[in-house]
1. Which entry in [x] 111, 23, 22; [y] 59, 33, 27; [z] 40, 34, 28 matches Cα extents along the principal axes in Å derived from the coordinates of this structure?
2. Need the full-extension length gain, Leu22 to Val145, defined as separation in residues times 0.36 nm minus the C-alpha distance. One decimal, nm.
3. Are there DSSP H segments in the chain that both extend 18 Å or more along their axis (alpha-carbon positions) and score a mean Kyte-Doolittle hydropathy of at least 1.0? List them, or say none.
4. Would you calculate the separation in nanometres between label points at Leu7 and Ala63, each defined as 7 Å from the Cα along the Cα-to-beta-carbon direction?
5. How large is the helix-only mean residue ellipticity at 222 nm for the chain, computed as the sum of -39500 (n - 2.57) over DSSP H runs with n ≥ 4, divided by its residue count, in deg cm²/dmol to the nearest 500?
6. Which order do peptides 22-30, 102-110, 141-149, 37-45 fall in by mean Cβ count within 10 Å, highest first?
7. Please report the carbon-and-sulfur percent of the accessible area for region 14-127; probe 1.4 Å, protein heavy atoms only, DNA, RNA and ligands left out.
8. Can you give the FRET efficiency to the nearest 0.05 for Glu124 and Val104, using r as the Cβ-Cβ distance and R₀ = 30 Å?
Amino acid sequence: MLAHRPLWAWWIVFPADVVGALVLLGRPAEQYDVWPWPPAPLVACLFLLLALALREPRRALAAVWLATGAAGLVLHLVRPDRSNGSALLLPVFGAVVLVIGAAVRERRVAQRRLAEQETVSEAERARRTLLEERARIARELHDVVATTCP
């Protein structure tokens with residue numbers, strides 16, 4: 001699903017991450033707890049954001065990033081005493097990943113368009129060469145007919 005429909009995958013994974021963060025609130029806080037985004041869901045979400053950036057339009061990327069940031073902010077506001085900066089990590093790293101992924105996608109689209117344009121130019125050049133050859137043959141044929149007929 002990540003490769004073909006990353007937005008659908010995000011609709012499944014992101015709410016699950018939020019629910020997982022809320023479930024962690026039920027546990028007593030320990031010294032090395034990272035809340036609201038533990039390292040594994042954080043990294044998984046970043047990979048998901050990269051897949052989104054490589055496939056989806058900018059409007060969808062902006063909406064996903066805003067939803068991610070809003071969820072981190074709300075979770076931080078729910079329990080500011082538990083939050084240790086992880087709420088800010090996902091929106092910041094997510095923005096970096098989304099910008100890099102979108103730049104890679106835009107470059108890939110530009111290269112594909114350039115290749116298509118080169119193909120069109122090549123076909124146009126071949127057609128022009130053919131027309132020039134036909135015109136040359138017609139001129140030669142006209143010259144031959146004109147010299148043989150009085």
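The values are calculated or read from the model by the stated rules, or taken from the named source; none is laboratory data. Only a predicted model underlies this, so the values are computations on that prediction, with no experimental measurement involved. So basically every Cβ, Gly included, is an ideal-geometry build from the backbone, and we count neighbours across all protein chains shown. Calculation scope for accessible area: heavy atoms of the full protein, side chains included, ligands and nucleic acids excluded. Shrake-Rupley method; radii C 1.70, N 1.55, O 1.52, S 1.80 Å.
1. Among [x] 111, 23, 22; [y] 59, 33, 27; [z] 40, 34, 28, the one derived from this structure is [x].
2. Length gained, Leu22 through Val145: 35.0 nm.
3. 6-25, 39-55, 58-78
4. 0.6 nm
5. -29000 deg cm²/dmol
6. Details: 22-30: 10.2, 102-110: 12.2, 141-149: 8.7, 37-45: 16.7.
Ranking the peptides 22-30, 102-110, 141-149, 37-45 by packing returns 37-45, 102-110, 22-30, 141-149.
7. 67 percent
8. Values: r = 30 Å, r/R0 = 1.01.
In this case the efficiency is close to 0.50.
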